[in-house]
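Data block below; observations after.
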Amino acid sequence: MLSELDKAIIRELQDGLPLVSRPFLQLAGRLGLVEDDLIEKIKQMIDQGLIRRFGAAVRHQDLGFVANAMVVWDVPDERVMEVGGIMAGFEAVSHCYRRPRQPGWPYNLFTMVHGQTREECERAAGRLAGAAGVESYRLLYSTSELKKSTMRYFE
Amino acid sequence: MLDNTDRRLLNLIQADFPLTPEPYRLLAESLGLSEEEVLDRIGRMCEEGVIRRLGGIFDSRQMGYSGTLCAMRVEPERIGEVAGVVNAFPGVTHNYLREHDYNMWFTVIAESRARLDEILNAVRARTGLEVITLPAENVFKIRVNFDLE
């Protein structure tokens with residue numbers, strides 16, 4: 001269970017780190033903590049997995065990774081754990097999840113593939129297919145971003 | 001436009017932001033810059049939107065939140081209206097159109113399973129459309145930093 005202090009720290013950290021010489025000192029002041037204790041708490045949250053990563057989140061479209069394909073795979077259930085592991089090992093894959101099939105939706109493994117062009121995404125998907133021995137897949141390109149925001153927790 | 005120094009700085013702060021009292025000074029030292037220049041560059045990239053946020057990237061599941069990927073089949077002429085309904089929920093963090101019969105794909109996060117179901121039922125009721133839910137059952141990889149060099 002998260003304490004009230006944990007939640008207060010999370011609220012502060014999702015506002016963004018201040019761009020001042022001693023950012024943790026400034027945040028610690030607002031939280032009634034000393035600087036070193038706040039830094040220690042953040043390290044603990046990373047160890048606990050509450051914070052997946054501490055640093056900058058970038059807009060990858062601005063950095064030339066303009067083609068982003070959701071590649072969905074229909075993998076036999078008995079192979080999905082193995083195949084997920086294989087695909088996760090590829091640099092071109094940023095995310096890899098197993099998800100349930102649904103009526104009208106036969107695909108149970110999802111990978112996000114990023115590239116400079118669609119051809120690059122297609123080649124990457126082809127390599128994944130070959131490495132994992134899975135033939136049934138589709139690339140779903142995003143044609144429009146309707147929303148992208150950061151979740152705000154405990155508010 | 002980003003120059004090479006921006007790219008090196010971005011690579012560092014995506015992966016390895018220093019958890020020390022004076023993080024920007026440490027970054028400056030490893031890049032051969034002044035602390036002020038590091039602060040200026042980060043500030044500029046935040047303003048330009050290259051950096052969406054600097055801080056903690058949280059794991060919603062570890063914090064007790066529930067989330068799922070969802071997909072809908074929306075007729076082209078209703079996309080604006082349906083996106084308005086879906087995007088109005090703060091827990092909807094991403095929404096993309098994709099090339100498929102299921103053309104609207106969004107993720108939603110809520111503080112409990114019950115609240116998640118409530119949001120999805122509200123979307124169904126307000127649009128009259130089906131929403132399929134595809135929650136992650138196994139996570140094999142989440143990498144959110146990009147190598148820029």
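Every read-out reported here was derived from the displayed coordinates using simple, explicitly stated rules and does not represent laboratory data. All of these numbers come straight from a predicted model, not from anything done at the bench. No Cβ is skipped: glycine too gets one built from the backbone with ideal geometry, and neighbour counts run over all protein chains shown.
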### Relative contact order (%) - chain A, alpha-carbon pairs under 8 angstrom, separation at least six
24 percent
### Summary
Any GluC sites (Glu not before Pro) in region A:2-55 that lie in a DSSP loop and have at most 11 other Cβ atoms within 10 Å would be none
### Message
What distance in nm separates the two pseudo spin-label positions at residue A:19 and residue B:142, each 7 Å out from Cα along the beta-carbon direction?
### Response
2.7 nm
#### Entry: Other protein chain Cβ atoms within 10 Å, averaged over every residue that makes up B:44-54
5
### Summary
Per-residue Cβ contact counts at 10 Å, fewest first, order A:20, A:113 as A:20, A:113
### Query
How would you rank A:21, A:3, going from fewest to most other Cβ atoms within 10 Å of each one's own Cβ?
A:3, A:21
### Query
Going by alpha carbons, how many degrees (0 to 90, nearest 10) lie between the helix axis of B:35-48 and the longest principal axis of chain B?
20 degrees
### Task
For n ≥ 4 DSSP H runs only, could you compute -39500 (n - 2.57) per run for chain B, divide by its residues and tell me the 222 nm figure to the nearest 500?
-12000 deg cm²/dmol
### Message
Testing the spin-label approximation: label points 7 Å from Cα along Cα→Cβ at residue A:37 and residue A:148. State their distance in nm.
### Response
3.9 nm
### Message
Run the count for the protein assembly as shown, please: Lys pairs, Cα-Cα under 26 angstrom, 8 or more apart or on different chains.
### Response
8
### Message
Over the Cα atoms of region B:4-48, what radius of gyration and what Dmax do you get, in Å?
### Response
9.6, 26
### Percentage relative contact order, chain B, counting C-alpha pairs under 8 Å, at least six apart
26 percent
## Note on the structure
Computed, not fitted: 222 nm per-residue ellipticity of chain A from DSSP H runs ≥ 4 (each -39500 (n - 2.57)), nearest 500, equal to -11500 deg cm²/dmol
### Summary
Shape descriptor, region A:39-128: equivalent ellipsoid semi-axes (Cα gyration tensor, sqrt 5λ, whole Å, largest first) stand at 27, 21, 12
### Query
Once you charge only the Cβ atoms, +1 for Lys and Arg and -1 for Asp and Glu, what is the size of the charge dipole of region A:95-155 about its Cα centre, to the nearest 20 debye?
200 debye
#### Entry: Segment residue B:47-residue B:87, length gained on full extension (0.36 nm per residue, minus Cα span)
12.0 nm
#### Entry: Averaged over A:104-113, number of beta-carbon atoms from partner chains that fall within 10 Å
3
### Query
Can you give the three extents of the C-alpha atoms in chain A along their principal axes, from longest to shortest, in whole Å?
57, 35, 27
### Rg/Rh for region B:68-133, where both radii come from Cα atoms and Rh is the Kirkwood radius
0.93
### Message
Among A:81, A:56, B:43, whose Cα projects farthest towards the positive end of the dipole of the protein assembly as shown, with charges put on the beta-carbon of Lys, Arg (+1) and Asp, Glu (-1)?
### Response
A:81
### Message
So for region B:66-134, averaging the separation of alpha carbon pairs under 8 Å that are six or more residues apart and normalising by length, what relative contact order in percent results?
### Response
47 percent
### Task
Could you compute the FRET efficiency for residue A:52 and residue B:7, with r as their C-beta to C-beta distance and R0 at 25 Å, rounded to 0.05?
0.65
#### Entry: Only Lys, Arg (+1) and Asp, Glu (-1) charged, at Cβ; the protein assembly as shown dipole about Cα centre in debye
700 debye
### Message
Treating only the Cα positions of region A:1-60 as identical point scatterers, give the base-10 log of I(q)/I(0) from the Debye formula at each q in 0.19, 0.25 Å⁻¹.
### Response
-0.70, -1.18
